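Data block below; observations after.
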Amino acid sequence: MKKALITGITGQDGSYLTELLLKKGYEVYGIIRRSSSFNTERIDHIYRDPHEKTKLKLIYADLTDGSNLHSILNEINPEEVYNLGAQSHVRVSFDQPIYTANVDALGTLRVLEAIRSMKRPAKFYQASSSEMYGKTVEIPQTEKTPFYPRSPYGCAKVYSYFQTVNYREAYNIFGCNGILFNHESPRRGETFVTRKITRAAARIKLGLQDKLYLGNLEAKRDWGYAADFVEAMWLMMQQEKADDFVIATGETHSVKEFLDEVFGHLDIDWKKHVEVDSRYYRPTEVDLLLGDASKAKKILGWQPKVTFKQLAKMMIEADMLIAENEKVVADHRKNK
């Protein structure tokens with residue numbers, strides 16, 4: 001049975017990747033940070049499955065603690081390591097640049113050093129990001145497009161990208177970068193713009209809130225489905241030779257278009273409820289991201305399956321169920 005270790009297992013991508021690897025017969029080890037409250041809700045359903053829970057093991061560790069990572073990797077000896085752990089919110093990275101660099105940049109280096117210390121170094125996947133392109137110098141962006149990051153998050157991801165390439169070339173470690181463009185799902189964190197929109201739309205529909213405050217409505221992104229994208233991660237790790245791949249849908253849509261799709265599904269005019277708030281603008285904006293995944297399609301045989309419209313519908317339907325439960329609770333309290 002193959003062993004895989006995932007950092008960031010409790011995040012959106014970590015939960016979908018865990019499901020995929022378990023289906024493929026892996027034993028999965030996940031690194032989680034110690035906190036005073038549980039944050040494992042995205043993988044709790046796996047623990048409710050008596051068959052699957054025996055193949056999933058969670059370990060307390062942190063990307064800021066290199067010696068602990070060294071001990072864990074040498075004790076478990078996984079065949080594959082997926083580094084998904086990060087401070088992943090671009091806007092927050094402007095508020096916490098040093099922490100972001102410590103986790104997202106130096107954290108990757110700590111994992112790579114731990115892998116280098118293994119008797120049989122594991123294959124390594126680095127979660128790179130379309131935010132590395134930032135102020136794009138060409139459209140669409142490919143594996144050969146120069147990086148021009150526009151945030152502390154993007155800068156940290158560029159550092160990790162090149163460290164992965166360097167360890168591949170200097171130490172012959174199987175290290176690959178997945179340059180993933182925006183990917184969403186009902187498991188997306190509620191502070192990210194797509195989920196912020198679907199949560200608010202559902203609550204507005206049921207009269208639980210009236211306003212939604214957003215930043216740049218003109219920003220355009222290449223939005224795909226997270227479960228499709230984690231399949232690409234796994235495919236990269238099955239290749240004979242490590243390489244770097246752009247993973248994207250090849251379509252770009254603005255925040256306004258996403259609002260149209262989501263609020264339109266509920267038959268609501270979003271213009272009556274959405275207000276632009278300058279607090280949500282970044283100090284340096286990224287206006288347009290559009291990926292060309294031709295290389296991944298040719299070499300990995302990967303294709304995105306879920307369309308933009310299907311994704312928006314999936315997310316709003318999931319958030320309507322949550323809002324309906326909130327409505328029941330609110331009505332119950334009101335009638336007490």
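Here are the numbers for the structure shown:
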quantity	calculated
³J(HN,Hα) computed for each position of the range 307-322 - Karplus, 6.51 cos²θ - 1.76 cosθ + 1.60, integer Hz, glycine/proline x	7, 4, 5, 5, 5, 4, 5, 4, 5, 5, 5, 5, 6, 5, 5, 5
For LYS3, residues with placed amide H under 5 Å, excluding near neighbours	GLU27, GLU79, GLU80
Sequence-distant residues sharing a close amide H with PHE124 (under 5 Å, placed H)	VAL81, PHE174, GLY175, CYS176
Karplus (6.51, -1.76, 1.60) ³J(HN,Hα), θ = phi - 60°, over the range 124-129, in Hz, Gly and Pro reported as x	10, 10, 9, 6, 7, 9
Helix-only mean residue ellipticity at 222 nm for the chain, each DSSP H run of n ≥ 4 adding -39500 (n - 2.57), per residue, nearest 500	-12500 deg cm²/dmol
Long-range amide H partners of HIS183 with built H, under 5 Å	GLY224
Sequence of HIS332, HIS45, HIS89 when ordered by accessible area, the most exposed leading, probe 1.4 angstrom	HIS332, HIS45, HIS89
Tilt relative to the chain, helix 152-171 - C-alpha long axis, 0 to 90 degrees, to 10	20
In order through the range 255-267: 3J(HN,Hα) via Karplus (6.51 cos²θ - 1.76 cosθ + 1.60), integer Hz, x for Gly, Pro	4, 4, 5, 5, 4, 4, 5, 6, 5, x, 4, 9, 6
Per residue accessible area in Å² of the chain, where ligands, DNA and RNA are left out and the probe is 1.4 Å	46
List THR136, THR108, ordered by accessible area with a 1.4 Å probe, largest first	THR136, THR108
Nearest-10 value in Å² for the accessible area of HIS253, using the 1.4 Å probe	30
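The values are calculated or read from the model by the stated rules, or taken from the named source; none is laboratory data. Keep in mind it's a predicted model, so treat the numbers as computed, not measured. When the accessible area is computed, the model is the full protein with side chains, heavy atoms only, and any ligands, DNA or RNA have been set aside. Shrake-Rupley method; radii C 1.70, N 1.55, O 1.52, S 1.80 Å.
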